[in-house]
Amino acid sequence: MPIQRLNPPTLSKPAGYSHATLVNAGRQVHVSGQVALDAAGEIVGKGDIAAQTEQVYQNLKAALSAAGADMRQVFKLVTYVVDLTPARAAEIRKVRLANLPEGDYPASTMIGTTALVHPDFLIEVEAIALLD
């Protein structure tokens, strides 16, 4: 198995992520942080964290596809969220789980921040995936 998802019983049970992922060998693709821009460069979902998160995951899928990968091969996600709250995190997790293969959850970090590169961006997500 090229990606082993590790959730040892000595750690809390994760919900929608894995505590660690082990990659034994292979080529990787590192996807730059994706924001809520459509193909025309227009912001999607201004003020709407769920809509922006959905656009971000569509962008991640497009970038991964260009490299010959998909969401099943992602083993690490880092999410940056403006004004992170438990309610905002719950909305993000709902969209994220709908875009990840069930049970094959990557190692994941969610970080609250005061701002991203544009004042209308609410979320940015970067990914690392195993190609082979």
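Quick look at the numbers
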read-out: Selection count, the stretch 74-132, where residues are of a type in the set (D, E, K, R), in a loop (DSSP other than H, G, I, E, B) and closer than 18 Å to Ala50 by Cβ; value: 2
read-out: Per-region count, the stretch 25-55, residues without any contact (Cβ under 8 Å) to a residue 24 or more places away in the chain and assigned to a strand (DSSP E or B); value: 1
read-out: Residue selected from the stretch 10-19 under the condition touching a residue at least 40 places away in the same chain (Cβ under 8 Å) and of a type in the set (Gly, Ala, Ser), by the criterion farthest from Leu122 (Cα to Cα); value: Ser18
read-out: Condition broken by Leu22, with the remaining ones in (1) aliphatic (A, V, I, L, M); (2) surrounded by 12 or more Cβ atoms within 10 Å (Cβ to Cβ); (3) under 20 Å from Gln4 (Cβ atoms); (4) touching a residue at least 40 places away in the same chain (Cβ under 8 Å) satisfied; value: (4)
read-out: Lone unmet requirement of (1) on the phi < 0 side of the Ramachandran plot; (2) in contact with a strand residue (DSSP E or B) (Cβ under 8 Å, 6 or more places away or on another chain); (3) surrounded by fewer than 16 Cβ atoms within 10 Å (Cβ to Cβ) for Ile92; value: (3)
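Values quoted throughout were computed directly from the atomic coordinates according to the rules given, and no laboratory measurement underlies them. These numbers come from a predicted model, not from an experiment. Backbone-built Cβ (ideal geometry, glycine too); neighbour counts: all protein chains shown.
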